[in-house]
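Read through the structure below, which is laid out as structure tokens, and then see the notes.
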Amino acid sequence: MINYSFPLYRPPAEADNVILQATYGCSHNQCTFCSMYKTKKYQIREISDLFKDIDTLAALYPDANKVFLGDGDALSLPTEYMITVLQYLKRSFPRLSRVSVYATAQNVLEKSEEELRLLQANLLNLIYFGIETGNDGLLKKINKGVSAKQIIESLNKASAAKIKISATVILGIGGEEYTAEHIKDTAAIINASTINYLSTLQLGLENDVKERFLKCFEHFQMLNDYQILDEQKRFLELLHPVNKVIFRSNHASNALHLAGTLPKDTMRLLDEVKFALAIGERAFIPERFRGF
Ligand code: SF4
């Protein structure tokens, strides 16, 4: 039996894979919109406890080939610790082909290029990375702890080590006041970075973070679904990724689900957004089925 520490989060794409908590919480834990780890103190788990969990999981799922290492930014772990865990995973799951983690720009920048290459060679080959916004003013307001320049640097550093990147952007995070800057500067980050997957979420604020988030803005006005889709449209129009990017907007928060490959499907995706804007709420996923 695994002693998971709850709440436990993992990316939707990891739903069918083995989940193992190497840390509890998030080492940053200060983004104003995020309530995920507010109840947890960041902690690196004893490696012997991790090995026990791996033994249990390997007995339950001997054919598993993908493992997600939680919690909020497991790339914060010391490289030596990570390599030991990755090698133990490889021995325990003979068919292992991919280990993934949530990672911050800070985590990537703290590692050397050689460390990242070593992690990749030991099957840490996918990171989930929250860009949120590319606008420096908004990055400060949401307390992301990094600048747009550092985000670009970290994405390209991970990518140079052949680690795949699944990045997320939050539509609506600048409210009405900063929507133009948010979209322009976020598209600029994507266009200057090499990423493999890109998702857009839609801002939602849990009650326990709402006050803190709003306090950092003078007059924050949440965008409605029409305004969010207008952001989605402008974002897609400005995207010119340097390589092929799998694009998804299918998070539980999204009013409209989209899926395609950029740049090949850009025009089709734009047509879908324009059609939804034209017919309005009939095209939107009802709010009762949505969450952040
Ligand atoms: S780095 Fe990620 S998990 Fe940590 S507080 Fe920010 S959004 Fe939340």
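The values are calculated or read from the model by the stated rules, or taken from the named source; none is laboratory data. Just so we're clear, the structure is a prediction, and the values are computed from it rather than from any experiment. Virtual Cβ from ideal backbone geometry, glycine too; neighbours counted across all protein chains shown. Side chains included, ligands, DNA and RNA excluded: accessible areas come from the protein's heavy atoms. Shrake-Rupley method; radii C 1.70, N 1.55, O 1.52, S 1.80 Å.
Table for the structure above
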quantity	calculated
14 Å reach of a label modelled at A160, 7 Å along Cα-to-Cβ, counting backbone N of the range 188-203	193-194
Mean-position separation - Cα centroids, the range 120-170 and the range 239-258, in angstrom	16
Normalised contact order of the range 76-129, rounded percent, pairs of Cα under 8 Å and 6 or more residues apart	49
For N125, distant residues with modelled amide H under 5 Å away	V99
Karplus 3J(HN,Hα) series, Hz, for the range 235-244 with 6.51 cos²θ - 1.76 cosθ + 1.60 (x for Gly, Pro)	4, 4, 5, 8, 7, 9, x, 6, 9, 5
Lys, Arg +1 and Asp, Glu -1 on Cβ, resulting dipole of the chain about Cα centre, debye, nearest 20	500
In the range 184-269, lysine pairs with alpha-carbon atoms under 26 angstrom apart (chain gap of 8 or more, or interchain)	8
Protein accessible area in the range 15-285, 1.4 Å probe - carbon and sulfur %	51
Per-pair calculated FRET efficiency, R0 = 35 Å: T261 and Y4 via Cβ, rounded to 0.05	0.50
Nonlocal amide H pairs with S27, under 5 Å, H built at 1.01 Å	D73
Nitroxide proxy distance, nm - points 7 Å out along Cα→Cβ at F292 and K244	3.5
Table column - 3J(HN,Hα) (Hz), the range 56-68, Karplus curve with 6.51, -1.76, 1.60, x for Gly and Pro	5, 5, 5, 5, 7, 10, x, 9, 4, 10, 9, 10, 9
Karplus 3J(HN,Hα) series, Hz, for the range 27-40 with 6.51 cos²θ - 1.76 cosθ + 1.60 (x for Gly, Pro)	5, 8, 6, 10, 5, 5, 8, 9, 10, 4, 10, 4, 8, 10
Linear extension gain, D55 paired with E237, 0.36 nm per residue minus alpha-carbon span	60.7 nm
Amide H contacts of A167 (H built 1.01 Å from N, under 5 Å, at least 5 apart or other chain)	F129, N196, Y197, L198, S199
Solvent exposure of the chain as accessible area per residue, Å², 1.4 Å probe	47
Using a Förster distance of 22 Å, the FRET efficiency for D271-E177 (Cβ separation, nearest 0.05)	0.15
